[in-house]
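Student: Just dropping this structure here.
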Amino acid sequence: MTFLRQMLTVAAKDLRSEIRTKEAINASLSFALVILLLFSFAFDPTSETTREMSGGLLWLAFAFAGVLILNRSFARELPNDCLDMLNASPVPAAALFLGKALANYALLLAIEAICLPVFGVFYNVTWTTHPGQLALVLLLATWGMTVVGTVFSALTVNLRLREIMLPMLMYPVLIPCLMAAMRLSTILIDGQPITGDDVAWLRLLIGFDIIFTSLAVILIDTVLIG
Amino acid sequence: MSALAVDGVWKFYGDYPALRDIRFTVEPGQCTALLGRNGAGKTTLIRILAGLSRPTRGVVRLFGTDGVERRTRAQVGIIGHGIGIYDELSAYENLKLFAELYALPGAARVAGEWLERTGLDRVKDGLVREFSRGMRQRLAVARAFLHQPRLLLLDEPFTALDDRAIALLQGLLRGALAEGRTVLMSTHQLREALELATHVVLINRGRMAHAGVRTPEMLADPGYLYRVHGEA
């Protein structure tokens with residue numbers, strides 16, 4: 001119970017800080033919208049090819065914009081040595097990590113919720129045909145992205161080049177998650193439900209989330225204290 | 001059982017030994033001044049004691065348990081080089097946050113009480129980034145004391161404090177010692193530290209130069225300790 005409360009306390013603190021400063025969310029949202037806009041200029045929105053790659057475009061925008069949110073996650077703790085005080089507190093490293101991951105997850109989902117209708121308009125696609133399945137894909141893939149990004153955010157927090165190191169470390173690990181998300185989103189945006197062989201991609205997302213969440217919870221103490 | 005036992009602690013940064021075979025104990029209720037010149041290894045040692053860094057070799061035990069264990073950390077209060085509070089939160093939100101992280105019952109009440117004790121209750125809803133340096137320091141002191149820690153680890157606690165914050169911290173430390181709590185503080189302000197200290201540990205270039213009771217000679221002449229033990 002204490003673990004859960006401490007986790008939610010950390011999440012609430014991060015969200016409150018972000019809502020007050022709007023540092024990451026403004027940058028991330030603007031970046032996502034700009035990418036979607038530029039892609040819409042680069043590809044003809046009426047062509048079938050664009051429809052076939054729509055899932056890829058969408059997740060590229062989410063992944064690029066997401067890294068701006070994730071970068072701030074632990075960097076926010078650096079002024080006044082706040083990270084030291086969190087590490088010195090009795091909060092388990094796993095609770096600290098999951099609290100931060102929850103806050104990042106909420107912020108990423110908020111960005112995605114704003115970008116999705118914009119994406120529909122720019123690319124002339126209907127993404128509301130299977131809203132439940134699309135929501136499931138978004139929730140699963142975003143959690144995968146959040147978990148990996150939050151761990152690497154902790155790992156790179158003390159590096160001077162952390163803004164560069166985070167995406168360099170994070171994107172290769174995210175390849176399976178992004179591949180599944182892109183494939184499934186393309187199917188759903190095309191108006192088809194997820195059935196048959198495509199369910200394997202959904203299983204891949206679930207497996208990715210379970211494996212990387214478990215690894216993160218096990219390793220985070222070593223990542224934070226060394 | 002010692003409040004703090006440091007047994008053969010070494011810390012290497014690359015090939016450089018920042019700490020070499022440090023050994024001492026601090027008994028409950030003692031106030032120990034951890035002294036040494038700049039670069040002696042005081043902050044490194046305090047970070048290890050606080051569980052923020054692992055020793056390369058050796059063992060640290062707090063109240064007979066592994067100092068790295070998070071359960072043990074609930075009994076430790078820390079003032080480090082940074083104030084450890086969030087600029088974008090209010091004074092009240094900061095203290096309530098730490099009270100909740102330390103799982104204190106009645107976190108809101110505890111936060112309110114400490115705001116009052118530190119004279120910050122009138123600005124409790126003000127964001128910390130708008131506070132003066134002195135106010136921020138008093139808030140940091142409240143943050144370190146609010147969970148009534150059995151052991152206080154203070155790294156240069158008097159540095160850059162204004163008069164009011166120094167008086168507050170000295171009062172709180174005297175109160176904590178009167179209640180039998182244990183204090184270990186590193187400092188360059190020898191006079192303030194030696195007035196409170198019952199014991200002294202001197203580190204010289206990563207090696208322990210002296211550990212023992214604070215004597216009247218040290219209090220009368222703070223430079224005495226360095227002259228006798230510190231320049232080897």
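Student: In the range B:151-167, what residues are away from chain A (no Cβ under 12 Å) and acidic (D, E)?
Tutor: B:E156, B:D162, B:D163
Student: Just the residues that are without any contact (Cβ under 8 Å) to a residue 60 or more places away in the chain and in contact with a strand residue (DSSP E or B) (Cβ under 9 Å, 6 or more places away or on another chain), please, taken from the range B:149-166.
Tutor: B:F158
Student: I want to confirm something. Restricting to the range B:96-113 and keeping residues that are in contact with an Asp or Glu (Cβ under 9 Å, 6 or more places away or on another chain) and surrounded by 18 or more Cβ atoms within 10 Å (Cβ to Cβ), which single residue is farthest from the other protein chains (Cβ to nearest Cβ)?
Tutor: Here the residue is B:A111.
Student: Name every residue in the range B:119-144 that is of a type in the set (D, E) and in a helix (DSSP H, G or I), in order of residue number.
Tutor: B:D121, B:E130
Student: Give the residues of the range B:74-85 that are surrounded by fewer than 24 Cβ atoms within 10 Å (Cβ to Cβ) and either facing chain A (nearest Cβ under 7 Å) or closer than 14 Å to B:L120 by Cβ (or both), sorted by residue number.
Tutor: Taking the range B:74-85 first, the residues surrounded by fewer than 24 Cβ atoms within 10 Å (Cβ to Cβ) are B:74-75, B:80-82.
Answer for the range B:74-85, where residues must be surrounded by fewer than 24 Cβ atoms within 10 Å (Cβ to Cβ) and either facing chain A (nearest Cβ under 7 Å) or closer than 14 Å to B:L120 by Cβ (or both): B:A74, B:G80, B:H81, B:G82.
Student: Might you check whether a residue that is within 13 Å of chain A (Cβ to nearest Cβ) and either in contact with a helix residue (DSSP H, G or I) (Cβ under 6 Å, 6 or more places away or on another chain) or among the small types (G, A, S) (or both) occurs anywhere in the range B:11-28?
Tutor: yes
Student: Hey, does the range B:191-200 have a residue that's over 16 Å from the mean Cα position of the chain (by Cα), charged (D, E, K, R) and over 22 Å from B:Q170 (Cβ atoms)?
Tutor: There is no residue in the range B:191-200 that is over 16 Å from the mean Cα position of the chain (by Cα), charged (D, E, K, R) and over 22 Å from B:Q170 (Cβ atoms).
Student: In this structure, is A:F74 crowded, with 22+ Cβ neighbours inside 10 Å and closer than 30 Å to B:F98 by Cβ?
Tutor: Working: crowded, with 22+ Cβ neighbours inside 10 Å: yes; closer than 30 Å to B:F98 by Cβ: yes.
Considered against the rule, which asks whether it is crowded, with 22+ Cβ neighbours inside 10 Å and closer than 30 Å to B:F98 by Cβ, A:F74 comes out as yes.
Student: Return the total of residues in the range A:19-47 being touching a residue at least 60 places away in the same chain (Cβ under 8 Å), within 18 Å of A:F122 (Cα to Cα) and among the small types (G, A, S).
Tutor: Qualifying residue count for the region: 2.
Student: When the range B:183-232 is examined, which residues are found to be buried (at least 20 other Cβ atoms within 10 Å of the Cβ), in contact with a Gly (Cβ under 6 Å, 6 or more places away or on another chain) and not hydrophobic (A, V, I, L, M, F, W, C)?
Tutor: Of everything in the range B:183-232, just one residue is buried (at least 20 other Cβ atoms within 10 Å of the Cβ), in contact with a Gly (Cβ under 6 Å, 6 or more places away or on another chain) and not hydrophobic (A, V, I, L, M, F, W, C), namely B:G206.
Student: Still on this model: Hey, B:Q148 hits all of (1) surrounded by 23 or more Cβ atoms within 10 Å (Cβ to Cβ); (2) away from chain A (no Cβ under 13 Å); (3) assigned to a loop (DSSP other than H, G, I, E, B); (4) at pLDDT 90 or above but one; which does it fall short on?
Tutor: Here B:Q148 meets the rest and fails (1).
Student: I've got another one for you. Which residues, counting only those in the range A:105-115, are surrounded by 19 or more Cβ atoms within 10 Å (Cβ to Cβ) and over 23 Å from A:L8 (Cβ atoms)?
Tutor: Correct list: A:C115 only.
Student: Which count do you get for residues in the range A:59-88 that are among the charged types (D, E, K, R) and more than 9 Å from chain B (Cβ to nearest Cβ)?
Tutor: Adding up the residues that qualify gives 1.
Student: Please go through (1) within 14 Å of A:F64 (Cα to Cα); (2) outside any helix (DSSP H, G or I) for A:R160 and return the number of the only condition it doesn't satisfy.
Tutor: Of (1) within 14 Å of A:F64 (Cα to Cα); (2) outside any helix (DSSP H, G or I), only one is false for A:R160: (1).
Student: All but one of (1) within 16 Å of B:I78 (Cα to Cα); (2) in contact with a helix residue (DSSP H, G or I) (Cβ under 6 Å, 6 or more places away or on another chain) hold for B:Q170; which doesn't?
Tutor: For B:Q170, the failing item is (2).
Student: Tally the residues that are under 23 Å from B:A142 (Cβ atoms) and either among the hydrophobic types (A, V, I, L, M, F, W, C) or touching a strand residue (DSSP E or B) at 6+ places or on another chain (Cβ under 9 Å) (or both), restricting the search to the range B:36-70. Steps first, answer last, please.
Tutor: The first filter runs over the range B:36-70 and keeps only residues under 23 Å from B:A142 (Cβ atoms), leaving B:43, B:46-47, B:49-52, B:62, B:70.
Those left that are additionally either among the hydrophobic types (A, V, I, L, M, F, W, C) or touching a strand residue (DSSP E or B) at 6+ places or on another chain (Cβ under 9 Å) (or both): B:43, B:46-47, B:49-52, B:62.
Qualifying residue count, the range B:36-70: 8.
Okay, residues lined up against (1) touching a residue at least 12 places away in the same chain (Cβ under 8 Å); (2) buried (at least 20 other Cβ atoms within 10 Å of the Cβ):
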{"residue": "A:W143", "(1), (2)": "yes, yes"}
{"residue": "A:V151", "(1), (2)": "yes, yes"}
{"residue": "A:A154", "(1), (2)": "yes, yes"}
{"residue": "A:L159", "(1), (2)": "no, no"}
{"residue": "A:I164", "(1), (2)": "no, no"}
{"residue": "A:P172", "(1), (2)": "no, no"}
{"residue": "A:V199", "(1), (2)": "no, no"}
{"residue": "A:V223", "(1), (2)": "yes, no"}
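Student: Another one. Condition check: within 24 Å of A:T2 (Cβ to Cβ), surrounded by fewer than 24 Cβ atoms within 10 Å (Cβ to Cβ), within 9 Å of chain A (Cβ to nearest Cβ) and not aliphatic (A, V, I, L, M). Does B:E93 satisfy that?
Tutor: Spelling it out, B:E93 is indeed within 24 Å of A:T2 (Cβ to Cβ), surrounded by fewer than 24 Cβ atoms within 10 Å (Cβ to Cβ), within 9 Å of chain A (Cβ to nearest Cβ) and not aliphatic (A, V, I, L, M).
Student: Here are some residues: B:G82, B:G112. Which one is closer than 15 Å to A:M85 by Cα and not aromatic (F, W, Y)? It would help to see each step written out before you state the result.
Tutor: On the way: B:G112 fails: closer than 15 Å to A:M85 by Cα.
After ruling out the rest, the residue left standing is B:G82.
Student: From B:R174, B:R207, B:R227, which residue is within 23 Å of B:V141 (Cβ to Cβ) and of a type in the set (K, R)?
Tutor: The conditions single out B:R174.
Student: For B:A111, which of the numbered conditions (1) over 20 Å from the mean Cα position of the chain (by Cα); (2) part of a loop (DSSP other than H, G, I, E, B) fails to hold?
Tutor: The single condition B:A111 does not satisfy is (2).
Student: Tell me, please, whether a residue that is surrounded by fewer than 22 Cβ atoms within 10 Å (Cβ to Cβ) and within 14 Å of chain A (Cβ to nearest Cβ) can be found in the range B:31-43.
Tutor: First pass over the range B:31-43, keeping only residues surrounded by fewer than 22 Cβ atoms within 10 Å (Cβ to Cβ): B:37-39, B:43.
Still in the running and within 14 Å of chain A (Cβ to nearest Cβ): B:43.
Looking for residues that are surrounded by fewer than 22 Cβ atoms within 10 Å (Cβ to Cβ) and within 14 Å of chain A (Cβ to nearest Cβ), one finds at least one in the range B:31-43, hence yes.
Student: Now, a different point. Name the one entry in A:V125, A:V91, A:V147 that is over 30 Å from A:F43 (Cβ atoms), more than 14 Å from chain B (Cβ to nearest Cβ) and touching a Ser or Thr at 6+ places or on another chain (Cβ under 9 Å).
Tutor: Being over 30 Å from A:F43 (Cβ atoms), more than 14 Å from chain B (Cβ to nearest Cβ) and touching a Ser or Thr at 6+ places or on another chain (Cβ under 9 Å) holds for just one of A:V125, A:V91, A:V147, which is A:V147.
The values are calculated or read from the model by the stated rules, or taken from the named source; none is laboratory data. All values reported here derive from a predicted model rather than from experimental measurement. For neighbour counting, all protein chains shown are included, and Cβ atoms are generated from backbone atoms with ideal geometry for every residue, glycine included.
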